[in-house]
Amino acid sequence: MKLQPTIGLEIHVELKTRSKMFCGCPAEHFAKPANSQTCPVCLGLPGALPVPNRLAIDWAIMIGLALDCQVNLKSTFDRKHYFYPDLAKGFQITQYDDPFSFKGQLKLESGKVIRITRVHLEEDTGKLLHKTIDGHKLTLVDFNRSGVPLVEIVTEPDISSGEEAKEFLKKLRDILRSLGVSDCDMEKGSMRLEPNISWSLSADKLADYKVEIKNLNSFRFAQAGIDYELKRQKALLDKGEMPVQETRGYQPATKATFSQRVKETAADYRYFPEPDIPPIVLTKAYVENLRKQLPQLPEIVVQELVKDFHLSLSTAQLLVKDPLKLAYFIQYNRQIDAQTLANLIVNKKIDLSHPPQLKTTTETVDPKIIDQVLKENKDVVVKYKAGKTSVMGFLVGQVMRQTRGQVDPKLASQELLKRLQGPALKS
Amino acid sequence: MSSISPKLVKHIAKLANLPLSAGQINKFSSQLSNVLDFMGQLSKLKIDPKKASPHLDLTNVTREDKIDTSRILTQKQALSQARKTHQGYFLVKAIFS
Ligand SMILES: [Zn+2]
């Protein structure tokens with residue numbers, strides 16, 4: 001049997017709740033003074049009692065539902081033990097045996113299904129900064145991020161290339177953004193990617209090794225890192241050597257991965273049930289209510305924009321990617337020609353904090369513009385004259401574009417009609 | 001009689017980040033074995049393992065997503081127990097050498 005690229009993904013996303021996962025400290029930690037947003041719970045001081053954030057739980061379940069997962073009606077939190085300076089308590093509260101949801105899927109454009117293993121909720125760790133101070137190599141620790149709600153999404157190793165991984169990640173990001181539960185801002189670290197890569201017989205017959213790439217902060221790097229790693233491993237395997245099981249980093253400058261000398265960590269996390277947090281028990285009705293709150297999936301919205309407003313696929317995709325832009329389009333598309341409005345939004349020619357300025361001059365349309373549009377689209381004009389009157393919408397759109405949406409589309413349509421039904425165009 | 005070997009004690013000590021001397025490792029090896037034997041008596045009792053829970057009958061103890069400023073520590077308070085600090089950060093030896 002032939003070996004094939006076998007790639008799984010672990011994705012961490014910070015939820016944008018107001019408060020942290022188990023305490024009332026603010027969850028927004030970007031660019032805040034170090035260690036200014038902590039309390040006994042998130043600093044892991046003895047005797048502090050963690051109490052889970054209900055909204056974070058709802059959001060974690062909604063992410064699972066959006067990824068077609070089954071929901072556990074009884075979920076528990078567990079302690080995962082390890083020693084590292086970013087972890088104040090010596091353990092992280094996470095979910096091990098009973099995550100909020102499991103066994104989902106996400107379909108790629110090709111129809112290929114990527115299975116989702118599980119979606120669980122945990123707490124983020126503190127942030128480490130490595131510095132040399134007075135000639136000493138030191139690590140600085142900031143616990144503002146400690147305890148921020150973090151959702152981990154794990155896929156089965158169903159992905160077979162860097163490109164597929166990138167497509168999956170983009171789709172996932174669009175879904176998470178449409179749910180409004182995370183900014184998914186990779187530069188700020190609110191979405192983190194960890195692919196694991198091997199050449200295996202199949203996703204169910206994995207190789208004896210796998211290589212993880214850490215600290216990838218863009219989809220492009222994830223794609224390039226995966227492709228590099230596949231090539232590197234293949235070269236070793238072709239020589240009859242087994243790649244080493246390890247964690248590697250990615251260097252954008254060389255587009256290569258490199259072995260990371262991470263301090264040896266024991267894989268023995270000694271998970272046990274978090275005694276301070278009773279189980280979360282849900283009714284089916286509760287889960288169904290969360291399901292009802294799910295927005296339409298981005299793919300479906302794109303399809304509808306294309307169908308209902310005749311937007312181009314790429315314009316529709318750009319609108320859907322940004323909830324603010326989409327909301328603006330939906331609010332104002334009746335006041336101004338939909339295609340024009342979409343283009344203005346996508347090309348950032350419109351201020352989203354104000355309604356669109358309707359400087360519509362209902363008086364006249366510059367006949368030169370009508371001329372130009374008809375000349376530039378002779379093939380369309382031929383179609384129109386052959387009886388395909390539906391192409392009028394396209395021509396009106398072109399006039400709107402030329403005039404940057406400054407004319408009334410009805411008037412543009414009338415002017416076009418006059419010309420099309422009038423004497424033949426001189427070429 | 002259970003037996004916790006010195007090798008196992010060493011492994012547990014490493015996971016727990018405890019520096020133990022050779023003498024301590026041997027001592028804890030026999031002590032931990034005794035503790036396990038003592039606890040092992042429980043296995044003679046007929047207990048429904050499904051009912052074992054650290055949570056009694058509590059479920060769904062959650063809180064609303066609200067910021068509680070009353071419990072937030074100042075930077076100074078947060079750092080007050082730290083051995084070393086630097087410009088508002090906790091300071092530890094470099095974890096990458
Ligand atoms: Zn806190």
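Remarks
- Count of residues meeting criterion [surrounded by fewer than 19 Cβ atoms within 10 Å (Cβ to Cβ), among the polar types (S, T, N, Q) and not in a loop (DSSP other than H, G, I, E, B)] in the stretch A:157-208: 1
- If you go through the stretch A:1-28 and keep only what is part of a loop (DSSP other than H, G, I, E, B) and at pLDDT 95 or above, you end up with A:Leu15, A:Lys16, A:Thr17, A:Arg18, A:Lys20, A:Met21, A:Phe22, A:Cys23, A:Gly24, A:Cys25, A:Ala27, A:Glu28.
- Single residue of A:Leu45, A:Leu55 found to be farther than 30 Å from A:Ala222 by Cα and in a helix (DSSP H, G or I): A:Leu55
- Within the option set A:Val211, A:Val181, being under 27 Å from the mean Cα position of the chain (by Cα) and within 14 Å of chain B (Cβ to nearest Cβ) holds for one residue only, A:Val181.
- Checking A:Leu43, A:Leu67 one by one, the residue that is more than 8 Å from chain B (Cβ to nearest Cβ) and either over 16 Å from A:Glu122 (Cα atoms) or surrounded by fewer than 24 Cβ atoms within 10 Å (Cβ to Cβ) (or both) is A:Leu67 and no other.
- Filtered residues of the stretch A:18-40 (kept if within 15 Å of the ligand (Cβ to nearest atom), under 23 Å from the mean Cα position of the chain (by Cα) and of a type in the set (Gly, Ala, Ser)): A:Ser19, A:Ala27
- Residue check, A:Lys89 surrounded by 24 or more Cβ atoms within 10 Å (Cβ to Cβ) and within 15 Å of the ligand (Cβ to nearest atom): no
- Failed criterion for A:Thr139 (all others in (1) crowded, with 17+ Cβ neighbours inside 10 Å; (2) under 27 Å from A:Glu241 (Cα atoms) hold): (2)
- Out of A:Lys103, A:Lys80, one residue alone is without any contact (Cβ under 8 Å) to a residue 40 or more places away in the chain, more than 16 Å from the ligand (Cβ to nearest atom), assigned to a strand (DSSP E or B) and surrounded by fewer than 19 Cβ atoms within 10 Å (Cβ to Cβ). It is A:Lys103.
- Test result for A:Gln95, more than 13 Å from chain B (Cβ to nearest Cβ) and under 23 Å from the mean Cα position of the chain (by Cα): yes
- Set side by side, the residues B:Ile67, B:Ile95, B:Ile47 differ, and just one is β-branched (Val, Ile, Thr), more than 7 Å from every other protein chain (Cβ to nearest Cβ) and in a loop (DSSP other than H, G, I, E, B), which is B:Ile47.
- The number of residues in the stretch B:10-25 that are farther than 22 Å from A:Lys80 by Cβ and among the aliphatic types (A, V, I, L, M) comes to 3.
- Single residue of the stretch A:118-136 satisfying the filter (at the interface with chain B (Cβ under 10 Å from one of its Cβ atoms) and within 16 Å of the ligand (Cβ to nearest atom)) that is surrounded by the most Cβ atoms within 10 Å (Cβ to Cβ): A:Gly126
- Residues within the stretch A:1-16 that are buried (at least 24 other Cβ atoms within 10 Å of the Cβ) and over 24 Å from A:Asp158 (Cα atoms), tallied: 2
- For the stretch B:72-97, the tally of residues that are at pLDDT 85 or above and loosely packed, with under 15 Cβ neighbours inside 10 Å stands at 10.
- Conditions (1) in contact with a helix residue (DSSP H, G or I) (Cβ under 9 Å, 6 or more places away or on another chain); (2) within 18 Å of A:Thr38 (Cα to Cα); number of the one not met by B:Thr62: (2)
- When A:Leu43, A:Leu15 are checked against the criterion of being under 30 Å from A:Val113 (Cα atoms), touching a helix residue (DSSP H, G or I) at 6+ places or on another chain (Cβ under 7 Å) and within 16 Å of the ligand (Cβ to nearest atom), A:Leu15 stands alone in meeting it.
- Test set (1) more than 13 Å from chain A (Cβ to nearest Cβ); (2) part of a loop (DSSP other than H, G, I, E, B); (3) surrounded by fewer than 13 Cβ atoms within 10 Å (Cβ to Cβ) - B:Leu58 fails condition number: (1)
The values are calculated or read from the model by the stated rules, or taken from the named source; none is laboratory data. Everything numeric in this text was worked out from a predicted model, so none of it was measured. Quick reminder, even Gly has a Cβ in these numbers, built from the backbone with ideal geometry, and neighbours come from all protein chains shown.
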